[in-house]
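See structure below.
The values are calculated or read from the model by the stated rules, or taken from the named source; none is laboratory data. Predicted model only: the values in this text are computed from it and were never measured. Cβ: placed from backbone, ideal geometry, glycine included. Neighbour counts: every protein chain shown. Protein only, heavy atoms only, side chains kept; ligands, DNA and RNA dropped before computing areas. Shrake-Rupley method; radii C 1.70, N 1.55, O 1.52, S 1.80 Å.
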Amino acid sequence: MVEHYDHVVVGLGALGSAAAYHLAKRGRSVLGLEQFELGHARGASHDTSRILRHSYHTPEYVRLTQEAYDDWALLSVDAGQELVTVVGGLDLFPVDAAIPLDDYTRALTEVRVPFELLGAAAIEARWPQFSLPDGTVGLYQDRGAIVPAGPGTAAMQDLARRYGATLCDHSPVASVTDTSVTLADGTVFSCDSVVICADAWTAGLLAPLGIDLPLTVTLEQATYFEPERPEDFAPGRLPLWIWMDEPSFYGFPCYGEPTVKAAQDCGGPPVEPDSRGSDVDDAMLGLLSDHMARMLPGSGRAVRSLRCQYTLTPDRDFVLDRVPGHPSVAVGLGAAHGFKFAPTFGRLLADLATGERDSVSPTFALDRPALTDPSYDAHWLV
Ligand SMILES: Cc1cc2nc3c(=O)[nH]c(=O)nc-3n(C[C@H](O)[C@H](O)[C@H](O)COP(=O)(O)OP(=O)(O)OC[C@H]3O[C@@H](n4cnc5c(N)ncnc54)[C@H](O)[C@@H]3O)c2cc1C
């Protein structure tokens, strides 16, 4: 007997867990399948924290962040715990920054999201932890926030189950069709729709459906530093920050422990997700530690590092669409900046899976030029 579900979700990281939660909450029968154990550290949704912010490079993303804040607020109510910690966000643009300040000010202005522009001296007066090169401009947006990575994903899994979803781990999916999912052990489930949230493993699942998805998987590294005076780096004393240059770095105030977390954006080597290791990369650690010693001299020494995967589209835009020619198969991919949008991905993927909408945006479409034109010039720093 083949078990039938209204929807099968492949992959239970943040995005798939959110999709399972939203579909189950709508009274649908849902099966969620994860190849590893729930909460594993081999994908992109583990560890303590992720940035949620309004400051983005296009009005479309800024508007989507407004939905994300609302969706996190609804999720917090449903979960019975506040999942969003507002700490303020500071984007730092040195002279001749590789990432254009104008894109951010224009996008925020068009969507009427308030922000402040501050010079280096004003930033150092307000947050004396910083030591900045002359000419640096900071864009401060007071709703910059931290959301929990692993615990946030687990909260969505708990809610999905509470609404009746069946979540199975150690269940690797070998293939999907419009109306069925087959596990590596040959078990088949039938369904009305499939939602694929497999991040680094997405291309392999879409190829049999005629989609050649150009993804680059990189092995990133986040590091925790131990300041001598952690009280100086507490929420309210230090905002989260992003260094908008090449190389680009970002970091958090203390969050649940007396350490300061930081990392480089797009600094890791390309890897194959099934054969990659998790050892600490000393060169990446050195580059980040040098930056921290210069910009946040009191942040202290590195005490631990962890690895995590980025899955990059050539234009760093999401995939949030149905598969062309296979309308019952929907795909969600966060392009290494999707966690802040996880509950929103879940809601929009549920809309696609239930037919409440046919598409989300041309920007996130599977047939857009960046994903179909082999000569597209990839760029990841936005
Ligand atoms: C170091 C780091 C920092 C980041 N910081 C931020 C940030 O501050 N803000 C932000 O918004 N985003 C951030 N991101 C990006 C964000 O974390 C990811 O976009 C998001 O977690 C992706 O979630 P996911 O569920 O798509 O992927 P994953 O968590 O990787 O989940 C995919 C799941 O699918 C499973 N799977 C794959 N293939 C199969 C199969 N065949 N059968 C069954 N299961 C399968 C995998 O095992 C995995 O569990 C960061 C990412 C990293 C690595």
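Tabulated data for the structure shown
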{"item": "Accessible carbon and sulfur surface of segment 190-319 relative to its total accessible area, %, 1.4 Å", "result": "51"}
{"item": "Cβ-derived FRET efficiency at R0 25 Å, residue 357 paired with residue 175, nearest 0.05", "result": "0.45"}
{"item": "The chain - accessible surface per residue (Å², probe 1.4 Å)", "result": "39"}
{"item": "Phi-based couplings in Hz for segment 263-268 (Karplus 6.51, -1.76, 1.60; Gly and Pro marked x)", "result": "6, 9, 8, 6, x, x"}
{"item": "Residue 112 paired with residue 131, simple spin-label distance in nm, labels 7 Å along Cα-to-beta-carbon", "result": "4.4"}
{"item": "Inter-part distance where segment 329-356 and segment 110-126 are each reduced to a Cα centre, Å", "result": "32"}
{"item": "For segment 298-311, 3J(HN,Hα) per residue [Karplus equation, 6.51 cos²θ - 1.76 cosθ + 1.60, θ = phi - 60°, Hz, x = Gly/Pro]", "result": "x, 6, x, 8, 6, 10, 7, 9, 9, 9, 7, 9, 9, 10"}
{"item": "Long-range amide H partners of residue 196 with built H, under 5 Å", "result": "10, 330, 331, 332"}
{"item": "Extension reserve of the residue 372-residue 278 stretch, reckoned as 0.36 nm per residue once the Cα distance is removed", "result": "30.7 nm"}
{"item": "Portion, in percent, of the accessible area of segment 1-115 that falls on carbon or sulfur, probe 1.4 Å", "result": "52"}
{"item": "Percentage of interatomic Cα-Cα distances in the chain larger than 32 Å", "result": "31"}
{"item": "Whole-Hz couplings from phi, Karplus 6.51/-1.76/1.60, listed for segment 141-152; x for Gly and Pro", "result": "10, 6, 9, x, 8, 10, 10, x, 6, x, x, x"}
{"item": "For the chain, the longest site-free run once GluC sites (Glu not before Pro) in DSSP loop states with at most 15 other Cβ atoms within 10 Å are removed", "result": "83-227"}
